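See structure below.
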Amino acid sequence: MKIKTIHALLLTAGLAMSTLANAQAPAPVASPTGVPPTWAQGRSPDGMNPALVPNPSPLVAKPVSEILIDKLKVPPGFKIELWASGMPNARSMTESPSGTIFVGTRFPGNVYAVITKDGTREVKIIAKGLHRPNGVAFANGSLYVAELSRIIRYDNIEQNLDNPPTPVVIFDALPKDEPHGWKYLKLSPDGKYLYFQIGTPANIVVPPSTHATINRLNLKTNTIETVATGVRNSVGMDFQPVTKELWFTNMGRDWAGEDLPNDTLNRLVRPKGMNFGFPHCHQGDWLDPEFGKGRSCDEFDKPVMKLGAHVSPIGMRFYTGSQFPAEYKGNIFIAEYGSWNRTKKAGYQVVRVVLDAKNNPVKLEPFVTGWLQGEEYWGRPADVQVIKDGSLLISDGEAGAIYRVSYGK
């Protein structure tokens, strides 16, 4: 599907949704037209706690004194430490071959670069004033950044961290809907494509054909194509290192229940044509109370694992390093940003998914916990990144920090 095609579809369908209220609206109040905020759509009047509202992300980073690193718990033999701080709303991460960590954000509009000199981290702001620059990917000396409605590229960036070049606009015809509009970027193993998602423009609607999809951009031809549909909102994806199959997390709808539906882990076993069910079927086996009428979940492709309701799984990576014990090789780490649509909070942790020899998930367990203390949270893990030394970085969108998990007897 070419850029002009997507643009035309947006004019006829997608842009109508962008007139709805922002997904981070502060209160569950209908607009003057009587249309509820997009995040409140689908709420049952006699069902869930009506006081539940989205948790807004802060625009400032916590001071080091308020980053409660001693509260974080890891398995025996592992160590977690504060690796870098001072990055408001630090979200998606990518590492360059030379070891620079680039960090996107959702709300401040900044992109950061973290460099290490003599064991000390230095944080540089390499871009300001961008619109939802959540997704970042690095290829051939260039940093790609996904904003809300466009993808841009900073060439020769590591040689110009103190004076970044004007970015090259790769294309600018992505939807402009704010709800679920922030992008996650992942470079394909062959370096030819950038994969990203376009989330649904509201909590639970029949989306335009451009939305609730996973897509890829051909870096040579600047054309995009849809590789999967029925995906409500995936803000984390990675390629299995052996099979090269794309795996991704997906966030389920809100307001269907405290414990329904589950967020999921999914796997593309076909390069194109898979449909994961949104808005008709959720978690592979649960029909939507409204949009599932007359449908069957057997029509759609199934997730490979249920992760829990409303845990908000976003960044994910396969463990490809050699520092951790052998049983961690090929495991998946997922950052759970944490619930808002649940009276008793869930998520706010990094979990480990263990796969068997055939790459089937067999176990889900906590790996790092402690951001949630009782019903109060002080941090929210947003992404994970395996770096060259085999350790694991975890970004924290609430604290504006990055932690490093290492292993040593």
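The values are calculated or read from the model by the stated rules, or taken from the named source; none is laboratory data. The structure presented is a predicted model; accordingly, all values stated were derived computationally and were not measured. We place every Cβ from the backbone using ideal geometry, glycine too, and count neighbours over all the protein chains shown. Surface accessibility is based on the protein's heavy atoms, side chains included, excluding ligands, DNA and RNA. Shrake-Rupley method; radii C 1.70, N 1.55, O 1.52, S 1.80 Å.
Using the 1.4 Å probe convention, the accessible area of the chain works out to 40 Å² per residue with neighbouring protein chains retained. The packing ranking, built from the mean of other Cβ atoms within 10 Å per residue, places the peptides 160-169, 317-326 in the order 317-326, 160-169, highest first.
Backbone phi angles across region 165-170, fed through the Karplus curve with coefficients 6.51, -1.76 and 1.60 (θ = phi - 60°), yield HN-Hα couplings of x, 5, x, 8, 7, 6 Hz in residue order; Gly and Pro are listed as x.
Helices in the chain, meaning DSSP H runs of at least 4 residues, each add -39500 (n - 2.57). Divided by all residues, the mean residue ellipticity at 222 nm is -500 deg cm²/dmol.
Taking every C-alpha pair closer than 8 Å and separated by at least 6 residues, the mean separation divided by the residue count of the chain gives a relative contact order of 16 percent. Just report the Cα centroid separation between region 174-196 and region 122-172, whole Å. Measuring centre to centre over Cα atoms gives 14 Å. A cut-off of 5 Å between modelled amide H atoms, ignoring neighbours fewer than 5 places along the same chain, links Thr94 with Phe102. Measuring nothing but protein heavy atoms, the accessible surface of region 334-409 at 1.4 Å probe radius is 48 percent carbon and sulfur. Please check: in the Gaussian network model of the chain (C-alpha springs, under 10 Å), which one of Ala127, Ala51, Ala146 has the largest mean-square fluctuation. Looking only at Ala127, Ala51, Ala146, the largest GNM fluctuation is found for Ala51. Less than 5 angstrom separates the built amide H of Val304 from those of Leu265, Asn266, Arg267, all sequence-distant by 5 or more or on a different chain. Assuming charge only on the beta carbon of Lys and Arg (+1) and of Asp and Glu (-1), the dipole of region 120-170 about its Cα centre is about 200 debye to the nearest 20. Taking a sphere under 15 Å around the Cβ of His282 and counting the other residues whose Cβ falls inside, with K and R at +1 and D and E at -1, yields a net charge of -4.
Which of the three applies to region 275-409, rounded, prolate or oblate, going by the alpha-carbon gyration tensor with a ≥ b ≥ c and a/c under 1.5 meaning rounded? Oblate, since a/c reaches 1.5 and b/c is not below a/b.
Which whole-number percentage describes the relative contact order of region 253-409, with Cα contacts under 8 Å and a sequence gap of 6 or more?
Numbers: 356 pairs, mean separation 27.4, N = 157.
Relative contact order for region 253-409 comes out at 17 percent.
Amide hydrogen proximity for Phe171: with H placed 1.01 Å from N in the peptide plane, the residues at 5 or more positions away or on another chain lying under 5 Å are Ile151. With a sphere of radius 12 Å drawn around the Cβ of Pro201, what net charge do the other residues whose Cβ falls strictly inside it have (Lys, Arg +1; Asp, Glu -1)? In short, 0.
Scalar couplings 3J(HN,Hα) for region 306-321, obtained by applying the Karplus form with A = 6.51, B = -1.76, C = 1.60 to θ = phi - 60°, are 8, 9, x, 7, 6, 6, 6, x, 10, x, 8, 8, 6, 7, 10, x Hz; x denotes Gly and Pro.
For region 74-152, rounded, prolate or oblate, judged on the Cα gyration tensor with a ≥ b ≥ c (square roots of eigenvalues), a/c < 1.5 rounded, else prolate if a/b > b/c? In terms of gyration-tensor shape, prolate. Once you list every other residue whose beta carbon is under 15 Å from the beta carbon of Asn140, what net charge do they have if Lys and Arg are +1 and Asp and Glu are -1? Local net charge: -1.
From most to least packed by mean Cβ count within 10 Å, the peptides 78-89, 256-267 give 256-267, 78-89.
In order along region 111-119, phi translates into HN-Hα couplings of 10, 10, 10, 10, 10, 10, 10, 6, x Hz, rounded to whole numbers, per the Karplus curve 6.51 cos²θ - 1.76 cosθ + 1.60 with θ = phi - 60° and x for Gly and Pro.
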